[in-house]
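The values are calculated or read from the model by the stated rules, or taken from the named source; none is laboratory data. Just so it is clear, the model here is predicted, and its values are computed rather than measured. Please note: Cβ atoms are built from the backbone with ideal geometry, for glycine as well, and neighbour counts cover all protein chains shown.
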Amino acid sequence: MVAIHEKIVAQLEHRKLKKRDLARALSVSPQTATDICKGRSAITLPHLRNLVAYFGLRADFWLDDQKLLPEPSDRTGAATLPTATYQSGPDHSGQHHAESPHPLDQPRFLQRIRSLVGEHAKDFTARNPDLTDAERKLLGLSVSGSGTIGRVGGSTS
């Protein structure tokens, strides 16, 4: 079983990034980034969103405990800070890279996240009991009368 923190470390090494880069991407302190990389600190929903956007890898890649490295189908097509254009220093190649729109601004991406969370809603809400109403609504979890999805008519057989 592959843990998310192992995937994060693998991506940092592959892209030659540092934990401080991860800290900036996740909007956490450097110590929290270190704790995440060592598996001592949990990944929250905002962290997952930022991982997806920063590395350009779909949420289901991060949640899949069977693979350490991404496949081409795991890519979103856009990373907010790809290695070649990361803002920690000048790009000495002299090349300019056009970046795609931020993945969180794309309705299709949000729908994929909602779908994934919806498929695992019970486990997801159990692991994240501190979700705000706004987060629940964004994820499509604030629907009242849960448990009725997929029923046709009023049969109880």
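Per-structure values
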{"read-out": "Number of the condition not met by residue 13 [criteria: (1) in contact with a helix residue (DSSP H, G or I) (Cβ under 6 Å, 6 or more places away or on another chain); (2) surrounded by fewer than 17 Cβ atoms within 10 Å (Cβ to Cβ)]", "value": "(1)"}
{"read-out": "Condition check for residue 66: part of a loop (DSSP other than H, G, I, E, B) and either at pLDDT 90 or above or surrounded by 19 or more Cβ atoms within 10 Å (Cβ to Cβ) (or both)", "value": "yes"}
{"read-out": "Residues located in segment 104-157, provided they are over 30 Å from residue 41 (Cβ atoms) and at pLDDT 80 or above", "value": "none"}
